[in-house]
Amino acid sequence: MPTDTQPSSDTQSKKSDSILVADGVTRKFGGLTAVDVEHFEIQRGKITALIGPNGAGKTTFFNLLTGFDEPDSGEWTFNGQSLHGVPPYKVARKGMVRTFQLTKVLSRLKVIENMRLGATGQRGEKFFPSLFKGLWSGQEKENTDRAMDLLARFKLDAKADDFAGSLSGGQRKLLEMARALMVDPELIMLDEPMAGVNPALKQSLLGHVKSLRDEGRTVLFVEHDMDMVRDISDWVVVMAQGKIVAEGPPDTVMANQAVIDAYLGAHHDAALTHETEEEILAAAEAELEAEAEAEENS
Amino acid sequence: MEWSGVLSGAIEQGIGPSAIIYCLAAIGLNIHFGYTGLLNFGQAAFMMVGGYALGSLIQTWGWPLFPSLVVGLLMAVVLALVLGVPTLRLRADYLAIATIAAAEAIRQVLGSAALNDEFGGQDGRYGFVDGMRSLNFVPSGGVHFLGLDFRSYDFFIMIVGWTLALLLCGFVYLLMRSPWGRVLKSIREDEDAVRSLGKNVYSYKMQALVLGGVIGALAGIMSGLATSNVAPSDFATDTTFFTYTVLLIGGAARVFGPVAGALIFWFFISGLDLFFDKMTSGANPTIPASIMTDDQASLMRLIFLGLILMLIMIYRPQGIFGDRRELAIDAH
């Protein structure tokens, strides 16, 4: 496994057993290049963290890989099959399921119905067979049993008959993860699973993410809390301004002062001193003045 | 007219052919809007293609009843595909724009003088229900009970119409308890989430649009059969909005919502009409002409209907059959 973390092209080296490989993926919004990834790989059976500051293009990259957005150029494969131009629902059927940064629970459906929706290959989801309960009730029962097991694992079983819209923010994250598992994906892609979750629940979420790997799934997740990343990930990819700037095992990447300074901020996780606060304030004011001047001149 | 006539008149209208037409249209719209969240503002267009296919095939081209009826339903399928293919991949509001525009466009075309020979211009098609009348088994003297009077053919239409409405309710019930219905409801809540779970959202939205459109065409066909006439004025935009009103009174995404909504809507709209007519008519009206003339009275029903709608929306926004807890949940 490569351990080099220098932001150069030789770090983005081939891995032994990749489940997902992407090359030359770019996405432009007008003049802004939101994503420009030369090479990206996810190793099978590992937890890969995708980190970077806000606006680095992590979620856009996520959307591109899962078919929710179309890139301007690039190729990527999942288990050797090209996913270019494949619509999101087919991507999911191939075994690559994502969650969303802003959780998307189906509010006015019960928790258990949210779960049942995730099951694949349902006979009752076809128009004519759906009219005859006998054709799908057996499968429905199997799916319900599996859903209840998963809900129990995520400690949501008591909520099975509540509307999903009545869940708290953290419970919604759990439900979304559990629902994704109903698809039985090989690769599960979590977009900021810890965002807006209280610290106690974060620990349990981390446990759940680890358990996904332990049952043989591959996990890719987006996060910006470095401590979380350090705890659970096997491999860390750092993105900034649309590009991958470094990758490696968490300790190596995080020890890289350049990465920390440039992409996570020099003061990450450290309380600001009085002097630095003043400095930041002064810089901000100067910037505002410059803007105001520019506006007057224009 | 006696005061009891106001009540019986309102009940006759409340369960009469007009209520059936709006009930059927609302059952279709319920599949679009209530279950799948599709903003179809052109339900009148689906009714129109159904009704006009029936009327013009029989009157202009001399077809028999049943083949015309089948073509009417197929036309709704075609319309749904034409509207759905370009818009269902886009954001929800595009369907709303496309449907409301298409409904008006089709109405203008069918009512145009250039197509007078085929579709009869503003008069539309009429007198094409001989085939239906020949099936009438209700005694020719009509039906009278509990102070209500129905003409023979009207009562026949009511039997056919309400039977059809109840069958469709059963059909909707079967669909919506199934995993297929679950996918539709999930699309209403958040279609990206449904996509991320491997469902072909576009296909389901199209199925819903076609199914609800075909039921809308049935409503248009019933309208033609009940009144023996299809004309452009029957399918104006207010037809769609009355259908929404019926649906919301009953409660969206409820199997019997359209039935209850249609009964209540037509009971009130005709009851209010008869009431104000009674109050202002005669040599010595209860409401003197200095306050309100009988011409003005005919508009009162819409004012009061608006008021009743507002009260329902404020105090029972979920409709008659809705679940308030469900409504209390923020959609996102």
*Residue list for the stretch B:191-201, restricted to those being facing another protein chain (nearest Cβ under 8 Å) and open to solvent by 20 Å² or more (accessible area, probe 1.4 Å)*: B:192, B:195, B:200
*Single residue of the stretch B:116-135 satisfying the filter (in contact with a Ser or Thr (Cβ under 8 Å, 6 or more places away or on another chain) and open to solvent by 90 Å² or more (accessible area, probe 1.4 Å)) that is farthest from residue B:64 (Cα to Cα)*: B:122
*Out of A:213, A:179, A:230, which single residue is closer than 26 Å to residue B:194 by Cα and surrounded by fewer than 22 Cβ atoms within 10 Å (Cβ to Cβ)?*
A:213
_Some residue of the stretch A:57-76 being in contact with a strand residue (DSSP E or B) (Cβ under 7 Å, 6 or more places away or on another chain), open to solvent by less than 20 Å² (accessible area, probe 1.4 Å), in a loop (DSSP other than H, G, I, E, B) and aromatic (Phe, Trp, Tyr)_ = no
*Evaluate the stretch B:322-329: report whether one residue or more is within 14 Å of chain A (Cβ to nearest Cβ), touching a residue at least 40 places away in the same chain (Cβ under 8 Å), surrounded by 13 or more Cβ atoms within 10 Å (Cβ to Cβ) and closer than 22 Å to residue B:181 by Cα.*
yes
*open to solvent by less than 60 Å² (accessible area, probe 1.4 Å) and modelled with pLDDT of 85 or more: does that describe residue B:305?*
no
*Mind checking which residues of the stretch A:101-136 are in contact with a helix residue (DSSP H, G or I) (Cβ under 7 Å, 6 or more places away or on another chain) and under 19 Å from residue A:65 (Cα atoms)?*
A:101, A:103, A:104
_Any hit, the stretch B:203-211, residues being over 30 Å from residue A:86 (Cα atoms) and either within 14 Å of chain A (Cβ to nearest Cβ) or polar (S, T, N, Q) (or both)_ = no
*Return the pairs, sorted by first residue and then second, in which the second residue is polar (S, T, N, Q) and open to solvent by less than 30 Å² (accessible area, probe 1.4 Å), the first residue lies in the stretch A:49-77 and is closer than 25 Å to residue A:252 by Cβ, the beta carbons are less than 6 Å apart, and the residues are 6+ apart or on different chains.*
A:49/A:233
*Out of all the residues in the stretch A:158-174, which are open to solvent by 50 Å² or more (accessible area, probe 1.4 Å), more than 11 Å from chain B (Cβ to nearest Cβ) and among the polar types (S, T, N, Q)?*
A:168
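The values are calculated or read from the model by the stated rules, or taken from the named source; none is laboratory data. Just so it is clear, the structure is predicted and the values come from calculations on it, not from any experiment. Note that each Cβ is placed from the backbone with ideal geometry, even for glycine, and that neighbours are counted across all protein chains shown. SASA here: full protein model, heavy atoms, side chains in, ligands and nucleic acids out. Shrake-Rupley method; radii C 1.70, N 1.55, O 1.52, S 1.80 Å.
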